[in-house]
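The structure appears right after this line, and notes come after that.
The values are calculated or read from the model by the stated rules, or taken from the named source; none is laboratory data. No experiment lies behind these values; they were computed from the predicted model shown. Cβ placement follows ideal geometry from the backbone for every residue including glycine, while neighbour counts extend to all protein chains displayed. Protein only, heavy atoms only, side chains kept; ligands, DNA and RNA dropped before computing areas. Shrake-Rupley method; radii C 1.70, N 1.55, O 1.52, S 1.80 Å.
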Amino acid sequence: MAIDIARARAFVGAHGTPLEQARLLGMLEPDRLRAEAPPAIDGFLALQQPDGSFPFDLVAGRPSAFSTTAYALYWLHELRQSDSAAMQRAIDYLSEHQTRGGIWRESPALQAFNPPPWSDPESTPADIYTTALCAGALAVFSDDELPVDRAVNWLQTQQARDGLLTGFRTHSSWLAVPAFEKIYGQETRATRRLIAGLGETLSKQWTGSMLAWMLQALLDAGYTTRTALVERAWELLQANQQPDGSFTIDEEDSAVQTTLSAIDVALRLDATE
């Protein structure tokens, strides 16, 4: 069994935005991306604010959002912009806007745009989610461990008995794995509890979007199919591909984004085999 990348690519080509199609090209044909320089890349870069942040949901004129800026780091990487000034400015923005307690909390200004529960600036579960997301992104893309260390110190106080972070338990927990691994490594108790907790919750009922996103986080943290959680999730993701090349999603998720994530996972795991 394997993911049919050709079918997945066709799905993104038929349903993706110009930016999503540029990201796909960056994954599969980076030389072609550089040669063609799709206009969508310049359009994306133009959304970056002077302080390095990106507006909520990538809509010009909206307030900056930590979540969107953290996601932008991954998109810049896919667009082969990892060494760009835009990448460094986004990293600097996240690093410089962490609270002394190690938290990233979204601006109250987002309330006017009906943010999802995990971006609610008045919610502790949202603080956990946003902090895990930002810390995980910095663990992957920044050489500065201090903001990640601060975040992990706080996130540990939010670990429940089952090892998972409280609030949006599975999502926040896998988002935090790269940060925990960077500070503590894979074999320490705090990290092992996160992995064990995720392993206990993983089931055939998970959607493709959950499987692909968790696998990306685990791969970012250096885990391979030698880890049972990665092996099981990978088997479930391969079986989850739909006839049109896409994957199942939760109501609030994007089928194109999930398909891009699944392609990324497949490319990375294929490269290690």
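General observations
- For the chain, the carbon plus sulfur part of the accessible surface works out to 49%, probe radius 1.4 Å.
- Selection from F168, L229, I91, by position along the positive dipole direction of the chain (Cβ): L229
- Extended-chain gain in nm, criterion 0.36 nm per residue less alpha-carbon gap, A109 and T157: 14.5 nm
- Shown is the FRET efficiency for R268 and L45, computed with R0 = 25 Å from the Cβ-Cβ distance and rounded to the nearest 0.05: 0.50.
- Computed magnitude of the charge dipole of segment 4-88 (debye, nearest 20; Cβ of K, R +1, Cβ of D, E -1): 120 debye
- Å² of accessible area per residue within segment 166-228, as computed with a 1.4 Å probe and no ligands counted: 41 Å²
- Point-charge dipole on Cβ atoms (K/R +1, D/E -1) for the chain, about Cα centre, debye to 20: 440 debye
- Its residue count N sets the reference 2.2 N^0.38 Å, and the alpha-carbon radius of gyration of the chain equals 0.96 times that reference.
- Selection from L45, G16, A6, by position along the positive dipole direction of segment 1-63 (Cβ): A6
- Candidates L24, L218, L33, ranked by Gaussian network fluctuation over the chain, Cα under 10 Å, top entry: L33
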